[in-house]
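> Can you keep this structure in mind? I'll have questions shortly.
Every read-out reported here was derived from the displayed coordinates using simple, explicitly stated rules and does not represent laboratory data. All of these numbers come straight from a predicted model, not from anything done at the bench. Note: ideal-geometry Cβ built from the backbone for every residue, glycine included; neighbour counts use all protein chains shown.
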Amino acid sequence: MTATDVAQVRDFNRFYTRILGLLDKGILNSEFSLPEARVLYELQHHQPCSASEIILALDMDKGYLSRILKSFSRKGLIILQATESDARVSLIKLTSKGKLEFDKINTASSNQIKQLLEQLPDTKIKSVITHMQAIKQILNTVN
């Protein structure tokens with residue numbers, strides 16, 4: 001591996017985050033940051049779940065997740081339920097308001113990718129997807 005290899009990967013990362021607007025204050029014109037949107041995604045797809053499960057899924061700092069969950073609770077996006085087996089552990093579920101916010105972000109994300117891809121011919125779309133899958137497969141071997 002060379003310094004040029006590292007520079008090229010970093011260049012791609014900057015390009016991709018810019019294209020998707022991942023560093024914008026509110027992702028996809030929402031009030032949510034990228035980490036907050038990812039937490040909403042995990043909650044939607046794995047609820048009810050514990051904070052520990054979200055930490056594992058996102059490799060997120062416990063304190064950072066705690067602040068996000070407190071914010072979500074204040075906004076009425078989540079509810080916490082004590083588990084029967086261990087009163088120290090709460091299960092987290094999205095409220096109907098939380099599900100609505102997730103749906104907005106999810107729809108906006110799908111529309112963003114559709115707009116990006118519709119500018120390409122089918123052969124280029126297939127090529128992009130194939131390369132993304134290859135990157136994912138290769139990098140999954142190191143984590």
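> Within region 35-143, report the trypsin sites (Lys or Arg not before Pro) that DSSP leaves as loop and that have at most 15 other Cβ atoms within 10 Å.
For trypsin sites (Lys or Arg not before Pro) across region 35-143 that sit outside H, G, I, E and B with at most 15 neighbouring Cβ atoms in 10 Å, the list reads Lys75, Arg88.
> Binning at 5 angstrom from zero up to the longest distance, how are the C-alpha pair distances of the chain distributed in percent?
With 5 Å bins starting at 0, P(r) equals 2, 8, 14, 17, 17, 15, 12, 8, 4, 2, 1.
> Just from its helices, what would the mean residue ellipticity at 222 nm be for the chain, if runs of 4 or more DSSP H residues each count -39500 (n - 2.57) and the sum is divided by every residue, rounded to the nearest 500 deg cm²/dmol?
Details: 6 runs with 93 residues, N = 143.
Taking each H run of at least 4 residues, the total per residue is -21500 deg cm²/dmol.
> Lysine pairs in the chain with Cα distance under 15 Å, only those 8 or more apart or on different chains: how many are there?
Taking the chain as the scope, the lysine pair count is 7.
> Given springs between every Cα pair under 10 Å in a Gaussian network model of the chain, which of Glu101, Glu84, Glu42 has the largest fluctuation?
Result: Glu84 has the largest fluctuation of those listed.
> Take every Cα pair under 8 Å in the chain that's 6+ residues apart, average their separations, divide by the length, and report that relative contact order as a whole percent.
Worked out over the chain, it gives 18 percent.
> For the modelled label position 7 Å from the Cα of Thr17 along Cα-to-Cβ, which residues of region 47-77 have backbone nitrogen atoms closer than 18 Å?
Taking a point 7 Å out along Cα→Cβ of Thr17, the residues of region 47-77 whose backbone N falls under 18 Å are 58-61.
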